[in-house]
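In what follows, a structure is listed as structure tokens, so that the remarks can point back to it.
The values are calculated or read from the model by the stated rules, or taken from the named source; none is laboratory data. Model, not experiment: these values are computed from the prediction. Cβ atoms come from the backbone with ideal geometry, glycine included; neighbour counts cover every protein chain shown.
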Amino acid sequence: MYVATILKAKGSGVVTIAPIATLAQAARLLTGKRIGAVVVMQGGQLLGMLSERDIVRAVAASGAEALERPVSEVMTQRVITCGLNDSVDELMDVMTEGRFRHLPVVDRDEVIGIISIGDVVKHRIAETVMESEALRLYIANS
């Protein structure tokens, strides 16, 4: 299974935030959209990723005043991305090794979606169930 298949099933909406937004604004956005990370963009350019973890780390280090800091100070700047033709197995490896849960999907230098570890696990489980059912039917008909 490939990224394109996952995006087709889940949709390709991307929630973004400007680098000058505050962490408080980002937290409200994440909560309101019920998501764990947001893509930081400006002028159509991918600048970084900001996750709930990033916000928690900032608050743990600096207290509540961290919520007034701009997203650009806390975001992950070196963002790993994936493409439409990347496989679920490749994503699992990248996410596990990099210890992150969200990957922006880039096609022709444009962010066209975001894949979470939940999306990957959901589709990997569905794939495994289909394989199991096919084997069960094969054995039953042999």
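Quick check on the stretch 127-135. Is at least one of its residues surrounded by 16 or more Cβ atoms within 10 Å (Cβ to Cβ) and at pLDDT below 90?
There is no residue in the stretch 127-135 that is surrounded by 16 or more Cβ atoms within 10 Å (Cβ to Cβ) and at pLDDT below 90.
Of the residues that make up the stretch 64-75, is at least one in contact with a helix residue (DSSP H, G or I) (Cβ under 7 Å, 6 or more places away or on another chain), more than 20 Å from Q25 (Cβ to Cβ) and surrounded by 12 or more Cβ atoms within 10 Å (Cβ to Cβ)? Checked against the condition, which is being in contact with a helix residue (DSSP H, G or I) (Cβ under 7 Å, 6 or more places away or on another chain), more than 20 Å from Q25 (Cβ to Cβ) and surrounded by 12 or more Cβ atoms within 10 Å (Cβ to Cβ), the stretch 64-75 yields no hits at all.
Suppose the filter is under 25 Å from A18 (Cα atoms), charged (D, E, K, R) and within 12 Å of the chain's Cα centre (by Cα); does E52 pass it? Taking the combined requirement at face value, the residue satisfies it.
Taken over the stretch 45-58, the criterion of being surrounded by fewer than 17 Cβ atoms within 10 Å (Cβ to Cβ) and either touching a residue at least 40 places away in the same chain (Cβ under 8 Å) or within 11 Å of V74 (Cβ to Cβ) (or both) is satisfied by R53, V56, R57. Kindly establish whether L23 is surrounded by 16 or more Cβ atoms within 10 Å (Cβ to Cβ), in contact with a helix residue (DSSP H, G or I) (Cβ under 9 Å, 6 or more places away or on another chain) and not small (G, A, S). For L23, the condition - surrounded by 16 or more Cβ atoms within 10 Å (Cβ to Cβ), in contact with a helix residue (DSSP H, G or I) (Cβ under 9 Å, 6 or more places away or on another chain) and not small (G, A, S) - is met. In the stretch 14-121, counting only helices (runs of 4 or more DSSP H) that sit wholly within it, the ones holding 2 or more residues that are modelled with pLDDT of 95 or more and not aromatic (F, W, Y) span 23-33, 52-62.
Within the stretch 108-142, the set of residues being within 14 Å of the chain's Cα centre (by Cα) and not β-branched (V, I, T) comprises G113, S116, G118, D119, K122.
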